[in-house]
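Student: One structure is given below, represented as structure tokens, and several questions about it will come after.
The values are calculated or read from the model by the stated rules, or taken from the named source; none is laboratory data. Note that this is a predicted model, so its numbers are computed, not measured. FYI the Cβ positions are ideal-geometry reconstructions off the backbone, even for glycines, and counts take in every protein chain you see. Surface accessibility is based on the protein's heavy atoms, side chains included, excluding ligands, DNA and RNA. Shrake-Rupley method; radii C 1.70, N 1.55, O 1.52, S 1.80 Å.
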Amino acid sequence: MGKYKVYVYAISKNEEKFVDRWVNSMQEADGIYVLDTGSHDNTVKKLKKHHVTVKSKTITPWRFDEARNQSLEMVPKDADICICTDLDEVFGPGWREELEKAWQKETTRALYNYNWSLDENNKPIVNFYIEKIHTRNDYKWTHPVHEVLSYIGKQQENKIIIPTMTLNHYPDSKKSRSSYLPLLELSVEEDPTDDRNMHYLGREYMYYGKWNQAIDTLIRHLSLEKATWKDERSASMRFIARCYTHLNRIEEARMWLQKAVQETPYLRDPYVESALLEYQQQNWPKVEEDCLNALKITTHQKTYINEPFSWDHTIYDLLSISTYYQQQYQKSLIYVNKAIEKSPQDKRLLENKKLIESKLKEVEKNS
């Protein structure tokens, strides 16, 4: 028995393939509670086999916040610490000890490492702090999608950070996100001043190829009084640029990428996004300039806004290509080798290296 009563709660639907791994990861808790929202597979059966407390309920109309609140209701009222996870997430062994070591009597909420995206070697690509560990009666979930824990306690909220506690995310890439767009539209309708979901809605329109709607919505996000987080503002600017690129309005795309650079000169993302645009335009000196500026930034911010392409092989790949077309073949070889170091199995990079080496031999032969 630990110092505190610790319970895990979750929602599920058709996730039988994750059950064994998830329960094994969460079993350090005093109890595990799951609200199943309509599985047609063996999710419920497998959860019960592992002695998880399961309740089945259809949420109509569907809202993530309502489902999470009902799953939280399943947790005993005398719980000291509640942990909300999804079934495609996994804690490392010993997480409870780290949690109890850091938790204080006055704590209401904990932030901890979240590896949202990992590479094939299980190394983090996108990492940030997540905050879904909380006291039992001081929080409720709000927003139909991209739901957040809202504090409803009577005392002052007291957060702690536990950098030694990590949750890894292994998502099902085939899972549909078709419900997100109407739920985001509903969320913005319910609270048109919420900057976070306005940003998400604009991003979702972009994912659906609704370029003009995305631009209008993201500009609305930037105009909101609450939209003060520079990283998110910069991302909206980058997404606007992507939309203009798809509309073949390249100068406007460039203008918005420049705004993004000015907003967050400490992030690689606007520079790399600009390099990718200039790559499409075959503007090789600008590709090189943007990539070299990106490499000057060595601090990887802990935020979900980071793009994987800013920290994987992409920068060196672009540098290799841009220097190749500027006939700087020795530089190109150095850069492609650095790209291969980061992505050793990439066949295109390996073929590019052969091509560059062949070109170097040709130059040497003719000199």
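Student: Just to check I understand the Karplus step: with θ = phi - 60° and J = 6.51 cos²θ - 1.76 cosθ + 1.60, what whole-Hz values come out for the stretch 279-293, glycine and proline as x?
Tutor: 4, 4, 8, 6, 8, 4, x, 6, 4, 4, 4, 4, 5, 5, 5
Student: Right, here's the next one. Peptides 78-84, 361-367: what's the order by average Cβ count within 10 Å, highest mean first?
Tutor: 78-84, 361-367
Student: Let me ask you something else. Which length gain, in nm to one decimal place, applies between residue 117 and residue 225 when the Cα-Cα distance is subtracted from 0.36 nm times their residue separation?
Tutor: 35.8 nm
Student: Suppose the chain between residue 60 and residue 363 were pulled fully straight at 0.36 nm per residue; how much longer would it get relative to their current alpha carbon spacing?
Tutor: Gain on stretching residue 60 to residue 363: 102.2 nm.
Student: Measuring from the lowest to the highest alpha carbon on each principal axis, how far does the stretch 120-169 reach, largest first, in angstroms?
Tutor: That works out to 44, 27, 14 Å along the principal axes.
Student: Return the calculated 222 nm mean residue ellipticity for the chain, to the nearest 500 deg cm²/dmol, obtained by summing -39500 (n - 2.57) across DSSP H runs with n ≥ 4 and dividing by the residue count.
Tutor: Counting only the DSSP helices, I get -15000 deg cm²/dmol.
Student: Note down the accessible area of residue 176, probe 1.4 Å, to the nearest 10 Å².
Tutor: 90
Student: I want to verify the translational diffusion coefficient of the stretch 44-170 in µm²/s; compute it with Stokes-Einstein, Rh as the Kirkwood radius over Cα pairs, at 20 °C and 1.002 mPa s.
Tutor: Working: Rh = 16.0 Å.
Answer, rounded: 134 µm²/s.
Student: Okay, next question. Assuming R0 = 51 Å, what is the FRET efficiency of residue 345 and residue 255, from their Cβ-Cβ distance, to the nearest 0.05?
Tutor: That pair, residue 345 with residue 255, gives E of 0.85.
Student: With all protein chains present, calculate the accessible area of residue 96 using a 1.4 Å probe and round the result to the nearest 10 Å².
Tutor: For residue 96, the solvent-accessible surface is approximately 20 Å².
Student: Do any of 13/123; 105/154; 5/77; 5/49; 123/342 go past 18 Å between their Cα atoms, and which?
Tutor: Cα-Cα > 18 Å for 13/123; 5/49; rest within.
Student: In nm, to one decimal, how far is the modelled label at residue 140 from the one at residue 158, with both set 7 Å along Cα→Cβ?
Tutor: 2.4
Student: If packing is taken as the average number of other Cβ atoms within 10 Å across a peptide's residues, how do 160-169, 194-203 rank, most packed first?
Tutor: Those peptides, ordered most packed to least, come out 194-203, 160-169.
Student: How large is the Kirkwood hydrodynamic radius of the stretch 223-367, in angstrom, based on all distinct alpha carbon pairs?
Tutor: One over the average 1/r among Cα pairs gives 16.1 Å for the stretch 223-367.
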